[in-house]
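Below: the structure, in structure tokens.
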Protein chains: 2
Amino acid sequence: MSIAYRQVAAEVRAAVEAGDYPPGARLPSESELARSYGVARGTVRQALATLASEGLVSTRRGARRLVLARQRLQGFNELRSFSEWARAMGERPGGRVVALVRREASPTEAEQLDTDRIYHLTRVRLLSGRPVMIERTAYPEHIGALVASMNAESESITQRLQELGVVFANAAHTLGAVVATAEDARLLDIRPRAPLLREWRRTTDPDGAALEWSEDRYVGEAVAFTVHNSVHQNTLIRGLT
Amino acid sequence: MSIAYRQVAAEVRAAVEAGDYPPGARLPSESELARSYGVARGTVRQALATLASEGLVSTRRGARRLVLARQRLQGFNELRSFSEWARAMGERPGGRVVALVRREASPTEAEQLDTDRIYHLTRVRLLSGRPVMIERTAYPEHIGALVASMNAESESITQRLQELGVVFANAAHTLGAVVATAEDARLLDIRPRAPLLREWRRTTDPDGAALEWSEDRYVGEAVAFTVHNSVHQNTLIRGLT
DNA sequence: TAGTGGTCTAGACCACAGT
DNA sequence: CTGTGGTCTAGACCACTAA
């Protein structure tokens, strides 16, 4: 690994997960880690900031870092797609396309994507064959045209778009609770009026241009989102219930 | 402000919010900011990392930082309590105690708090008089005894505990969706079986000892949680729907 | 009081963007 | 190419913890 601080973070993380530093234990000091990895103290600090943002350790001035817990869920950092996330959890991701249409944007879609014409995809997402989420995504036309040419049942759209040179840089997610509509219930094979976890997601490229605007609805019993925070850091994790 | 990087972050944040750098604009380079604030480049980088974690700007190697948005919800960083958050949103926080009992811990409570005897508080939280959340919190006995001695209707428990020397350091939150029980509906004055946003929250002190374990249920239409993330950062925000 | 983490500096080299 | 952000170093001082 060419980046030293990532290497240090990975080794300390591995040591924690291996039980060398169980929950409640204290990590070695920054100076000791710097000496033993042969890097400067600043590099160690960068590594440990990563671990703190993962909720793995906590920090207090004057005292050595405390191990909070072993990593149990896969991180949602780094803008993971559903497929990547599912595979990281040891599940088999799947998708069933319900509809893909090219049409005029609704007012919300127009505002979020800054365009009047969109492609709209409705897809049921499966975890090892079990339906857990409905994805209703609007794409601007230049992205939607690429999506329309894919096999959305078997491919990861995100991954395929990246291979085609589309770069996902930032996302904003808004989580709330909604009640399943009749269509939701039919697609997810659950009771009508069951509670669903709603995620609005707006993803942009490095220039800030919108790449997708999506409303995803997760089965309440199947998926949950976890957030760690401390005084200066916090992190979102998506996990199974 | 004695801490230089916070001062720089605050000034740049204010400039963005004032419209000096509208969404889509580029910030000055790190060197320019360092020169104009009379600090080293490292200090500017620390400030800008804060702004990136708030979802205010994005970063790309080789190019100046891009302003993502101006609209600001109040941050959920720094472990804001319901009362602090409400006030920051311009709303009047309130609480109505439904029950406060001292009893044996359930298996989950015992596991989360690492003790057999607890205090359990049920409270309806109000935003300017409107019920938006039910809080069902378990405290270990030494904390619960303090809570029992408070006026939980008018005081912020978190704030009062801090005044008494209890230090909140870390929290883990898990978000999901549930259906309102008959009691939930009665307390929140909503329809039975309405969807609620469920937040499990476990808060610990600087030594990693559990201070509270809570299940909070938010009215789906009233409150939402927002997360920003980019390749290396992400941030949770709690906001009104 | 000794050790630890938090902040800050000054300088260096590199990968990448925009031209 | 030049300028920018990403990484890294070596050293310094301070605030705080813990013994």
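Brief remarks on what is shown
- Projected area averaged over orientations for region A:69-169, convex hull of C-alpha atoms, nm²: 7.5 nm²
- Here region B:132-160 and region A:1-53 have alpha carbon centers that stand 37 Å from each other.
- Evaluated with a Cβ-only charge set (Lys, Arg +1; Asp, Glu -1), region A:4-67 carries a dipole of roughly 300 debye about its Cα centre, given to the nearest 20.
- Note on chain B: with a GNM built from Cα contacts shorter than 10 Å, the maximum mean-square fluctuation among B:95, B:19, B:220 falls on B:19.
- Rounded if a/c under 1.5, otherwise prolate or oblate - the protein assembly as shown, Cα gyration tensor axes: rounded
- Other protein chain Cβ atoms within 10 Å, averaged over every residue that makes up B:193-201: 5
- Sequence-distant residues sharing a close amide H with residue B:57 (under 5 Å, placed H): B:52, B:68
- Position residue A:84, label points 7 Å along Cα→Cβ, spacing to each other copy in nm (shortest first, one decimal): 3.2
- Each Lys and Arg contributes +1 and each Asp and Glu -1, all at the Cβ; summed about the Cα centre of region B:154-223, the dipole is approximately 300 debye.
- Selected from A:89, A:115, A:44, residue furthest toward positive end of dipole (chain A; charges at beta carbon): A:44
- 10 Å Cβ neighbours from other chains, averaged over peptide B:203-210: 4
- The A-B contact accounts for roughly 3800 square angstrom of buried accessible surface, both chains included, probe 1.4 angstrom.
- Rounded to the nearest 20 debye, dipole of the protein assembly as shown from Cβ charges on Lys, Arg, Asp, Glu: 400 debye
- Accessible surface of the protein assembly as shown, 1.4 Å probe, proportion on carbon and sulfur as whole %: 47 percent
- The same position residue A:19 in the other copies lies at 6.2 nm from this copy, comparing label points 7 Å beyond Cα toward the beta-carbon, shortest first.
- For peptide B:173-185, the mean count of partner chain Cβ atoms within 10 Å of a residue's Cβ comes to 6.
- Across the options B:171, B:161, B:145, the greatest Cα extent toward the positive end of the charge dipole of chain B (unit charges at beta carbon of Lys, Arg, Asp, Glu) belongs to B:171.
- Based on DSSP H segments of at least four residues, each scored -39500 (n - 2.57), chain A has a per-residue ellipticity at 222 nm of -8500 deg cm²/dmol.
- For the protein assembly as shown, the solvent-accessible area with a 1.4 angstrom probe is 45 square angstrom per residue.
- Shown for chain B is the translational diffusion coefficient from the Stokes-Einstein equation, using the Kirkwood radius over Cα pairs, a temperature of 25 °C and a viscosity of 0.890 mPa s: 123 µm²/s.
The values are calculated or read from the model by the stated rules, or taken from the named source; none is laboratory data. The structure displayed is predicted, hence computed values, not measured ones. Please note: Cβ atoms are built from the backbone with ideal geometry, for glycine as well, and neighbour counts cover all protein chains shown. For accessibility, only protein heavy atoms count, side chains too; no ligands or nucleic acids. Shrake-Rupley method; radii C 1.70, N 1.55, O 1.52, S 1.80 Å.
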